[in-house]
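Let me begin by presenting the structure, written as structure tokens, before commenting on it.
The values are calculated or read from the model by the stated rules, or taken from the named source; none is laboratory data. All of these numbers come straight from a predicted model, not from anything done at the bench. Cβ: placed from backbone, ideal geometry, glycine included. Neighbour counts: every protein chain shown. Surface areas here come from the heavy atoms of the whole protein model, side chains and all, with no ligands, DNA or RNA. Shrake-Rupley method; radii C 1.70, N 1.55, O 1.52, S 1.80 Å.
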Amino acid sequence: MIPEPAAIDLGAGLLGLGADPRAIERGRRVAAEGGQRLDAVLLQLGLASEREIATAWAAALGTRVVEAARYPAAPPLPFAEQLAPRFLRAARALPLAVEDGVLVVALADPIDAFTPAAIGAATGMEVRIEVAVPIELEAALARLVPEPESAAESDGAEGGNEDDAERLKDLASEAPVIRLVNQIIGRAVETGASDIHIEPFEDRLRVRYRYDGVLHEAETPPGRLAAAITSRIKIMARLDIAERRLPQDGRIRLPVRGQDVDFRVSTVASMHGETVVLRVLDRSAMSFDTARLGLSGPVARQFGEALRLPNGIVLVTGPTGSGKTTTLYSGLLSLNSVERKVVTIEDPVEYQLAGINQIQVRPQIGLTFASLLRAILRQDPDVIMVGEIRDLETAQIAVQAALTGHLVLSTLHTNSAAASITRLRDMGLEDYLITAVLRGALAQRLVRRLCGGCKRVGVASPEMTQRFGLDRLAAAHGIAAAPLRLWHAVGCPECRGTGYRGRQAIAEFLTPSAEVERLVFSRADHTAIERAAVAGGMTTMFRAGLVAALEGVTTIEEVIRSIRAEHDDALTVAG
């Protein structure tokens, strides 16, 4: 153990950065009891992130944190001949540049006095350290400092032996692999990623994070570690590491920054190994509140009124990744009380909700949506959520439940609220049943919010104003139109150069009116139903998105990308 210098109070530095005093006190207590360093304990317990600790060290030492862009783009490194790769990896150090006659070195352990002295002796240079975020340094080392050939061959043989599960297990249990996997997962939570994609290819291993619905590639670990990293994740998820042909699903729960975070794990065999996807289910970062989801006032009100009805079916529609489950959970939590029994059937159960009975679909043993729904009706529920209506049998049982006094919430994969009616009809549900039980259909998309730190305002072009009727829209919603302004994405470090930070829902809510019911009985298509709903006061998603763009929440380009409303019929209805 390297003693922490008495002159440096890391805990005080973290408190100055806004850390939780209880977390720091807990870390100090555990560190004292175990004779460990405070920074190591805080990381192990998930009470502080690597970047927070690096920032506190840098402030205490009067230096700075190395940003990812500061690492060299490609070899060779400064003084590559004098500094052996094995030494740099063992010391977790990387020379960055020579500035004003001083060699700048990124160091993962900033109070390691030996490494800077050894580098100075080997190079004959004065050394200045900057504090590295360990996961970024590890990625830079993997990219810039080649492994000795013998070690690479040894590790490659070990990792590539797909017939020896025990060797894979041993490799996955080695400290560097454990640390690397924890860093990949920790970075995803700390940076707000929703998914982690780990994909092996012939010549490399690619790691990507999904932010605000868009994938971004991260600096990746060596390809030779693909099997070890996959095996480590499978061990954590309690999957069979010897089974590498069939898909597997599991869950991981880890403490990150003092909060338990769940990860849904999926593995599928590909040409060059198993691809792994982890869905980050961070309850602390999720908001199950319709107002915070970004639903407009009228839509949130209509949705709430539909949920307060004693029976019927309320649908939430949209493609995969449009936030349907989050909206349904928000509705369920508003209904959750001692007086009501709320039961859900999900595939899979993403977030565990206190006070609500959640059931996982297991088709391999016959537990389908339809069979579980039929069984649940004998459990005397008041509110039932069906994760998705996929077939006629499920739809018929859901209708039966609604007709016998239950409120049923479910989802459909359709592009609009009106299309949910025609989808039920296409499944084989009779028109009179649809009109008897449907209380409302909410269709939504998620659009990326503009980054408040770098968004730029400009005057809307006459062509854009005319095409989308922005002047009429602004006047209808009380938005200043002299001149009409639109905001644009720019990009800065806060938003990873994308120009966007976070997402919000834009939605439409269709309440069946007498005219809509007449069109259902006449077997009209979804376009006619949508036009009738708009005539009755419904605001389409596209129109809601344009309003959000005029208010500076997002951009018109983002609205079009998310809703794909460039079709003539959608634009006509929107106007």
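Hey, got the dipole for the chain? About the Cα centre, +1 on K and R Cβ, -1 on D and E Cβ, debye to the nearest 20? Present the calculation step by step, with values, prior to reporting the outcome.
Details: 63 positive and 72 negative charges, 313 e Å.
Charge dipole of the chain: 1500 debye, to the nearest 20.
Across all C-alpha atoms in the stretch 339-400, the radius of gyration and Dmax reach 11.1, 34 Å. For the stretch 493-505, putting each phi into the Karplus relation 6.51 cos²θ - 1.76 cosθ + 1.60 with θ = phi - 60° gives couplings of x, 5, 10, 6, x, 8, x, 10, 9, x, 9, 9, 8 Hz, in residue order, rounded to whole numbers and with x for Gly and Pro. Between the listed residues 559, 60, 242, the Cα displaced farthest toward the positive end of the dipole of the chain, a dipole computed from Cβ unit charges relative to the Cα centre, is found at 559. Where does the Debye-calculated log10 I(q)/I(0) of the stretch 27-81 sit at q = 0.21 Å⁻¹, using only Cα point scatterers of equal weight, no solvent? Each listed q maps to, in turn, -0.83. Counted over all Cα-Cα pairs of the stretch 365-474, pairs farther apart than 25 Å make up 43 percent. Centre-to-centre, using Cα atoms only, the stretch 53-127 and the stretch 485-526 are separated by 49 Å. Remark on residue 345: its backbone amide H falls under 5 Å from those of 359, 385, 386, 387, a criterion applied only to residues 5 or more positions apart or on other chains, H modelled at 1.01 Å from N. Rounded to the nearest whole angstrom, the semi-axes of the ellipsoid equivalent to the stretch 251-379, taken from the Cα gyration tensor as √(5λ), stand at 28, 21, 16, largest first.
How long are the semi-axes of the ellipsoid equivalent to the stretch 318-428, from square roots of 5 times the Cα gyration tensor eigenvalues, in whole Å, largest first?
20, 17, 15
Diffusion of the stretch 460-514 by Stokes-Einstein, at 10 °C in a medium of 1.306 mPa s and with Rh set to the Kirkwood radius over alpha-carbon pairs, works out to 111 µm²/s.
Give the accessible surface of the chain per residue, rounded to a whole number of Å², with probe radius 1.4 Å and ligands, DNA and RNA excluded. Provide the component values of the computation, followed by the final result.
Working: 26530 Å² over 575 residues.
On a per-residue basis, 46 Å².
Amide H to amide H under 5 Å from residue 449: which residues, 5+ apart in sequence or cross-chain, H placed 1.01 Å off N in plane? Here 501, 502, 503, 504 satisfy the definition. The 3J(HN,Hα) values that the Karplus relation (6.51, -1.76, 1.60; θ = phi - 60°) gives for the stretch 220-225 are, in residue order, 10, x, x, x, 5, 8 Hz. Gly and Pro appear as x.
Scaling against 2.2 N^0.38 Å puts the C-alpha radius of gyration of the chain at 1.13. Backbone phi angles across the stretch 377-389, fed through the Karplus curve with coefficients 6.51, -1.76 and 1.60 (θ = phi - 60°), yield HN-Hα couplings of 4, 8, 9, 6, x, 9, 10, 10, 10, 9, x, 7, 8 Hz in residue order; Gly and Pro are listed as x. Highest mean first, the peptides 313-324, 517-528 sorted by other C-beta atoms within 10 Å per residue fall in the order 313-324, 517-528.
With the simple model of a label 7 Å out from the Cα in the direction of the Cβ, residue 292 to residue 351 spans 0.8 nm. The stretch 432-555 has equivalent-ellipsoid semi-axes of 35, 18, 10 Å, by the square roots of 5 times the alpha carbon gyration tensor eigenvalues, sorted largest first. In whole percents, the pair-distance distribution calculated for the stretch 53-115 from its alpha-carbon pairs, binned every 5 Å from zero, is 3, 15, 26, 28, 19, 8, 1.
The charge dipole of the stretch 399-488, taken about its Cα centre with unit charges on the Cβ of Lys, Arg, Asp and Glu (plus for the first two, minus for the last two), comes to roughly 560 debye. Distance from the C-alpha centroid of the stretch 324-359 to that of the stretch 372-392: 12 Å, rounded to the whole angstrom.
Per residue, the convex hull spanned by the Cα atoms of the stretch 186-298 measures out at 123 cubic angstrom.
The C-alpha radius of gyration of the stretch 1-112, expressed as a fraction of 2.2 N^0.38 Å, stands at 1.20.
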